[in-house]
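Asker: Let me begin by handing over the structure; questions about it come next.
Taken together, the values in this text are just the output of simple stated rules run on the coordinates, not laboratory data. Every value quoted in this text rests on a predicted model; they were computed, and no experiment measured them. For neighbour counting, all protein chains shown are included, and Cβ atoms are generated from backbone atoms with ideal geometry for every residue, glycine included.
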Amino acid sequence: MTRAALQEHLKTGSTTLCRAWQVQRRDGVTLGFTDHDCDLMFDGVTFVARSGLTAGMLDMTTGLAVDNTEVSGALTAEAISEQDILAGRYDGAEVTTFLVNWADVSARTILMRGTFGELTRSEGAFRVELRSLTERLNVRTGRIYHAACGAVLGDAACKMDLSTPQMSVSAPIAKIIDGRRLVFSGLGSFAEGWFADGQVRILSGVGHGQVGRVKADALDAEGRVLDLWHAFGVVPAPQDQVLIVAGCDKRMSTCKAKFDNFLNFRGFPHIPGEDWMRSSPSRSRRR
């Protein structure tokens, strides 16, 4: 890729330019799109023209403000489908925008790198906001001091191994109700409430890759029933395989009694709470 070649092409006054977008989803899928009327290929990626993508104005600054633009297009099975959007497969996807000489794709330059922002869809079309890398400067980082654990179950700070049989189990869905209540059979060996505050990850079927948070975990005559906080964007079907991960409410007592992992607890259980801050001296009689 040579920017100099593109600059020489721009000096001619008669240009053959188009834009191209390379999208890297978090599940590892790489897609390419272009607003040219023919497909382009470079860096091992085919940039499809049949997607019908069009770009809005690119607002760029020299400071630390977030550069952004918009891209819109049609929802097609070959490019970006409504099902993929509902499943959240494009949430936070990385995107690179190119300015390309379609007559000689080696003459190109990168206009912007960033991630997908707000994505909306209606009447068979979609519109997505592209945010530059400076968006990450707006994300708060650092440790929060409070009574609850600041680690995520299974991460490097927690050190719990989620692959053990006590921490996760794979099972098919026996029945699904209203898109958010999952019924399983044969999981009676786990204590009731073991998966509350845990996760359900869909491993197969049309909804694969989606993750749901467990609100409640109960045992009844039908089997094990997991209620989710929110319904899946793409509802799975019975017999789809899912991975169920144990839940953690981030309390000190849970870390100690349920997981025997108190040495890795990342909270501050003895920090004064709001009641202590609002307390005031009381008058008492000394005896």
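Asker: Which order do H36, H270 fall in if you start with the one that has the fewest other Cβ atoms within 10 Å? Present the calculation step by step, with values, prior to reporting the outcome.
Answerer: Working: H36 18, H270 7.
Ordered from fewest to most neighbouring Cβ atoms within 10 Å, H36, H270 come out as H270, H36.
Asker: Go through segment 250-255 residue by residue and turn each phi into a ³J(HN,Hα) via Karplus (6.51, -1.76, 1.60, θ = phi - 60°); whole Hz please, and just put x for glycine and proline.
Answerer: So the Karplus estimates, Gly and Pro as x, are 6, 8, 4, 4, 5, 4 Hz.
Asker: Another question, if that's okay. In terms of modelled amide H atoms, which long-range or inter-chain residues lie less than 5 Å from the amide H of G117?
Answerer: Here E129, L130, R131 satisfy the definition.
Asker: Roughly speaking, what % of Cα-Cα pairs in segment 200-265 are separated by over 20 Å, rounded to a whole number?
Answerer: Numbers: 901 of 2145 pairs.
So the portion of pairs separated by more than 20 Å is 42 percent.
Asker: Please arrange F116, F98 by counting, for each residue, the other beta carbons lying within 10 Å of its beta carbon, fewest first. The partial results should precede the final answer.
Answerer: Numbers: F116 18, F98 23.
So the residues, fewest neighbours to most, are F116, F98.
Asker: Could you run the Karplus curve 6.51 cos²θ - 1.76 cosθ + 1.60 with θ = phi - 60° over segment 23-31 and give me ³J(HN,Hα) per residue in whole Hz, x for Gly and Pro?
Answerer: After applying 6.51 cos²θ - 1.76 cosθ + 1.60, I find 10, 10, 6, 5, 8, x, 6, 10, 10 Hz.
Asker: How high is the FRET efficiency between E192 and M41 when r is their beta carbon distance and R₀ equals 45 Å, given to the nearest 0.05? Mind showing how you got there, number by number?
Answerer: Numbers: r = 56 Å, r/R0 = 1.24.
Calculated transfer efficiency: 0.20.
Asker: Shifting gears a bit: With a 10 Å Cβ neighbour count serving as the proxy for reagent exposure, in which order, fewest first, do F259, F47, F232 appear? Intermediate results must be reported in sequence, preceding the final value.
Answerer: Values: F259 17, F47 27, F232 20.
Ascending Cβ contact count within 10 Å gives the list F259, F232, F47.
Asker: What list of ³J(HN,Hα) values in whole Hz, one per residue of segment 176-184 in order, does the Karplus curve 6.51 cos²θ - 1.76 cosθ + 1.60 (θ = phi - 60°) give from phi, with Gly and Pro shown as x?
Answerer: So the J values, rounded to whole Hz, are 10, 10, 6, x, 9, 10, 10, 10, 10.
Asker: In whole Å, what are the extents of segment 168-245 along the principal axes defined by its C-alpha atoms, from largest to smallest?
Answerer: Principal extents (largest minus smallest coordinate, Cα): 30, 23, 21 Å.
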